[in-house]
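First up is the structure itself, then whatever we jot down about it.
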Amino acid sequence: MQPLRIALAQIAPRLGELEANLARHRELLAEARAGGADLVVFPELGLTGYLLQDLAAEVAMRIDDPRLTRLAAGTAGCSAVVGFVEESADHRLFIAAALLEDGEVRHVHRKVFLPTYGLFDERRFFAAGTVLRAVPSRLGVGIGLAVCEDFWHLAVPQLLALDGAQILVNISSSPGRDVAAVNEVGLGTATSWRTMMRTYAQLTTSFVVFCNRVGVDESVTFWGGSEVIAPTGEARFSAPLHDEGLYTVDVDLAELRRERIALPLLRDERPEMVLRQLERIVLERAGLAPDSTAEPGAGPGLDVAPEPADARGRRTA
Amino acid sequence: MSAKALFTLPPELAIDTDVARRIIAEFIRGQLRQAGFERALVGLSGGIDSAVVACLTAEAIGPERLLCVLMPYRTSSPASRADAEEVVGRLGCAGTLVDVSPMVDGYFGAAIAGVGGGEASAVRRGNLMARMRMAVLYDHSVTWGGLVVGTGNKTETLIGYTTLFGDSASAFNPIGDLYKTQVRQLAVAIGVPERIITKAPSADLWPGQTDEGEVGFSYAEIDRLLYWMVDKRRSDEELAAMGFEPGFVARVTRMVATSEFKRQVPPIAKIGPRTAGIDYLYPRRRPGSARRSGG
């Protein structure tokens with residue numbers, strides 16, 4: 001089987017400079033295609049920069065925006081994933097990832113989980129997506145798109161894999177933080193992401209493709225470290241931290257078949273069982289059904305009854 | 001050269017200095033590029049913080065784009081000046097010296113009868129020195145054509161051991177999220193002269209003054225406490241269980257609380273539909289904001 005050539009465009013987008021970023025995307029897309037890439041992946045908000053705040057509305061594009069159409073035109077004979085601000089017909093702004101193939105916008109994923117805690121303030125400026133689905137692609141396998149924080153929620157990789165994705169693509173603008181000397185790769189953020197991506201690849205027996213930006217927006221520095229992880233959970237490629245570049249890696253899709261036959265975790269998933277439990281949990285948490293697993297005396301939607309705690313905050317019972 | 005030999009480093013504060021230097025270099029280059037500047041300047045006191053910032057800036061953009069400004073007052077330690085001059089010499093960057101004594105003494109002189117200039121307290125004198133140095137730095141930022149790089153560390157920022165609009169004023173700060181002991185680690189890694197790393201930190205406002213003497217505890221102790229209290233969100237009870245003396249915890253907690261205003265921009269009375277910092281929120285550098293197109 002012909003290897004699949006993936007190009008990771010680990011770039012430093014310019015904040016708010018849509019035209020400059022579009023030009024850079026077109027340039028790298030052409031370079032990757034000339035190098036024989038089948039799939040070219042750009043980071044989250046690669047067309048706009050990350051810390052936009054009130055600039056978000058000024059750089060937003062509709063899906064039929066001619067600038068996006070023109071970028072898509074550069075994908076004849078290949079696939080690309082790009083990140084941008086999407087404005088819907090009813091003027092909501094989304095952090096979006098588009099799959100561009102053979103000159104067309106094939107699919108748009110709207111970031112489902114918007115972090116609004118710690119250094120993040122996304123929910124203030126953006127609407128959250130409500131749909132998660134895998135899409136067929138010209139590569140002959142299903143693609144599942146996710147954006148950054150989407151991967152900090154277990155259901156996302158699982159649902160994408162169950163829906164037919166064999167390549168999970170996560171595009172990110174992940175700010176690097178925590179330089180404690182004890183971290184595996186010198187950066188706490190990188191250590192966490194690496195652990196997650198290997199776990200997801202193994203549990204979904206899928207390829208995980210991660211493209212994270214580099215460069216600086218205001219106070220935060222993005223750490224790069226883009227990766228391709230095989231369905232065995234082993235890293236096939238790890239880009240350097242902080243270095244801008246177009247990194248190319250070949251993967252063998254036969255590896256996915258071998259792993260899924262040897263380790264049929266996906267075959268053994270029980271979505272109907274999961275669904276029943278989720279329906280029960282949703283009703284119970286909403287207080288619409290008696291909580292079958294709650295302690296006596298627990299309030300509606302709560303599993304645990306209030307109890308006196310000792311001075312140290314420990315439960316006495 | 002071993003870090004342990006030069007200072008006390010609590011293990012939880014140990015950082016990967018290679019990664020920290022890389023992040024800081026990206027940060028410095030990014031700040032300048034976004035603002036459309038190629039040069040930077042640092043007020044160099046002879047102490048460790050400004051020495052580290054000068055080295056980091058030279059590492060990020062090259063020493064030829066850095067200006068170090070030495071701004072002693074007449075009572076400043078001559079050793080500090082010698083240490084600052086050694087940093088300039090080692091880096092091979094531009095350096096200039098501005099004596100702030102006439103500015104400070106001119107203000108506190110007889111000319112301002114009525115505000116007690118003659119017997120001004122050390123705090124007033126220290127604050128004015130810091131603000132005069134800020135004014136000199138910002139004037140040089142015009143002639144040098146560069147941005148002022150801040151040198152305040154996380155420890156002094158959190159306990160409020162800074163002068164508002166004085167030493168805390170800068171265009172950007174590369175070490176403001178590093179505790180003093182972590183700055184020392186960086187100093188060792190980046191090759192700051194050993195004498196600067198080992199001497200007692202001092203605001204140098206009067207002869208013999210030291211930070212640790214004035215504040216009453218060592219940087220190793222306070223950094224460790226701040227790390228668990230602020231970064232790791234430990235409660236007073238949890239801190240006590242870890243062995244921190246409750247009186248020490250209470251004193252530091254109060255210093256942090258009472259200096260909250262120093263870490264924030266002044267509030268604007270909300271009156272109109274869109275107010276800067278409240279519901280008019282833009283990146284501080286955005287398209288059209290650079291004074292010229294950056295590289």
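The values are calculated or read from the model by the stated rules, or taken from the named source; none is laboratory data. No experiment lies behind these values; they were computed from the predicted model shown. Neighbour counts are summed over all protein chains in view; Cβ atoms, including those assigned to glycine, are modelled from backbone coordinates with ideal geometry. In case anyone asks, the SASA skips ligands and DNA or RNA and just uses the protein heavy atoms, side chains included. Shrake-Rupley method; radii C 1.70, N 1.55, O 1.52, S 1.80 Å.
Can you pull the one-decimal nm distance between simple spin-label points at A:Arg124 and B:Arg274, each 7 Å off the Cα toward Cβ?
1.5 nm
Which shape class, rounded, prolate or oblate, goes with segment B:142-295 when its Cα gyration tensor gives a ≥ b ≥ c as root eigenvalues, a/c under 1.5 marks rounded, and past that a/b bigger than b/c marks prolate?
It is oblate, given that a/c is not under 1.5 and a/b is not larger than b/c.
Just give the residues from segment A:236-258 buried by at least 30 square angstrom of accessible area in the all-chains context relative to the isolated chain, probe 1.4 Å, and say none if nothing qualifies.
Going by heavy-atom accessible area, the residues of segment A:236-258 that drop by at least 30 Å² are A:His242.
State whether the protein assembly as shown is rounded, prolate or oblate according to the following rule on the C-alpha gyration tensor (a ≥ b ≥ c being the square roots of its eigenvalues): a/c under 1.5 gives rounded; otherwise a/b larger than b/c gives prolate, and the remaining case gives oblate.
prolate
If you take the accessible area of B alone plus A alone and subtract the pair, what total do you get in square angstrom, rounded to 100, with a 1.4 Å probe?
Interface between B and A: roughly 2200 Å².
Any chance you could list the semi-axes, whole Å, largest first, of the equivalent ellipsoid that the Cα gyration tensor gives for segment A:95-139, using √(5λ)?
27, 10, 8
Extent of segment B:172-259 along each principal axis, from alpha carbon coordinates, in Å, largest to smallest?
41, 29, 27
Under a Cβ-only charge scheme (Lys and Arg +1, Asp and Glu -1), can you give me the dipole magnitude of the protein assembly as shown about the Cα centre, in debye to the nearest 20?
Using Cβ point charges on Lys, Arg, Asp and Glu, the protein assembly as shown gives about 720 debye.
Averaged over all directions, how much area does the convex hull of the C-alpha atoms of segment A:4-264 cover when projected, in nm²?
12.5 nm²
If you count, for every residue in A:55-62, the Cβ atoms of partner chains within 10 Å of its Cβ, what is the mean?
Whole-number average of other-chain Cβ neighbours for A:55-62 is 1.
In Å³ and rounded to a whole number, note down the convex hull volume per residue for the Cα atoms of segment B:3-211.
117 Å³
Select from A:Val216, A:Ser238, A:Thr204 the residue farthest towards the positive end of the dipole of segment A:182-255; place +1 on Cβ of Lys and Arg, -1 on Cβ of Asp and Glu, and compute about the Cα centre.
Farthest along the dipole direction, towards plus: A:Thr204.
Rounded to a whole number of µm²/s, how large is the Stokes-Einstein D of segment A:1-144 at 37 °C and 0.692 mPa s, given Rh as the Kirkwood radius over C-alpha pairs?
Approximately 212 µm²/s, per Stokes-Einstein.
With unit charges on the beta carbons (Lys and Arg positive, Asp and Glu negative) and the dipole taken about the Cα centre of chain B, which residue among B:Val265, B:Gly208, B:Gly288 sits farthest to the positive side?
Among B:Val265, B:Gly208, B:Gly288, the one farthest towards the positive end of the dipole of chain B is B:Gly288.
Using a basic spin-label model with each label point 7 Å from the Cα along Cα→Cβ, how many nm lie between B:Arg254 and A:His153?
Taking the two extended label points, one gets 4.6 nm.
Once you wrap a convex hull around the alpha carbon atoms of segment A:1-56, what is its projected area averaged over all directions, in nm²?
Value for segment A:1-56: 4.0 nm².
If you roll a 1.4 Å probe over segment B:3-211 with all protein chains in place, what percent of the accessible area is carbon or sulfur?
Summing carbon and sulfur atoms, their accessible area is 56 percent of the total for segment B:3-211.
Over segment B:3-211, with the other protein chains present, what is the accessible area per residue in square angstrom, probe 1.4 angstrom?
39 Å²
Considering only DSSP beta bridges where both residues belong to segment B:3-211, give the percentage that are antiparallel (nearest 5).
About 0 percent, rounded to the nearest 5.
With the Cα gyration tensor of segment B:9-91 giving a ≥ b ≥ c as the square roots of its eigenvalues, does the rule (a/c under 1.5 for rounded; else a/b larger than b/c for prolate; else oblate) give rounded, prolate or oblate?
Oblate is the answer for segment B:9-91, as a/c is 1.5 or above yet b/c matches or exceeds a/b.
Taking the Cα centre of segment A:188-317 as the origin, how large is its charge dipole in debye, to the nearest 20, when only Lys and Arg (+1) and Asp and Glu (-1) carry charge on their Cβ atoms?
Computed about the Cα centre, the dipole is about 320 debye.
Work from the charge dipole of the protein assembly as shown (Cβ charges, +1 for Lys and Arg, -1 for Asp and Glu, about the Cα centre) and give the residue of A:Leu265, A:Val282, B:Leu9 farthest towards its positive end.
Result: B:Leu9, furthest along the dipole toward the positive end.
Kirkwood Rh over Cα pairs of segment A:196-317 into Stokes-Einstein at 37 °C, 0.692 mPa s: D in µm²/s?
173 µm²/s
Tell me, what HN-Hα J-couplings in whole Hz come from the Karplus equation 6.51 cos²θ - 1.76 cosθ + 1.60 at θ = phi - 60° for each residue of segment B:53-58, using x for Gly and Pro?
3J(HN,Hα) across segment B:53-58, in whole Hz: 5, 4, 5, 5, 5, 4.
How big is the charge dipole of segment A:1-159 about its Cα centre, in debye rounded to the nearest 20, if each Lys and Arg gets +1 on its Cβ and each Asp and Glu gets -1 on its Cβ?
Computed about the Cα centre, the dipole is about 300 debye.
Quick one: with all protein chains in place, what share of the accessible area of segment A:4-264 is carbon or sulfur, to the nearest percent (1.4 Å probe)?
The C+S portion of the solvent-accessible surface of segment A:4-264 is 51 percent.
Provide a whole-number value for the mean count of partner chain Cβ atoms within 10 Å of the Cβ atoms in peptide B:232-243.
1
What percent of all Cα-Cα pairs in segment A:134-286 falls in each 5 Å bin, counting up from 0?
Final binned percentages: 2, 9, 17, 20, 18, 13, 10, 7, 4, 1.
Enumerate lysine pairs in the protein assembly as shown that are 8 or more residues apart or on different chains, then count those whose Cα atoms are under 16 Å apart.
For the protein assembly as shown, the number of qualifying lysine pairs is 6.
At a 10 angstrom cut-off on C-beta neighbours, averaged per residue, how do the peptides B:199-208, B:183-192, A:211-220 rank from highest to lowest?
So the peptides B:199-208, B:183-192, A:211-220, ranked by packing, come out A:211-220, B:183-192, B:199-208.
For a quick size check, give me the Cα extents of segment B:121-190 along its three principal axes, largest first, whole Å.
Sorted from largest, the Cα extents of segment B:121-190 read 35, 31, 17 Å.
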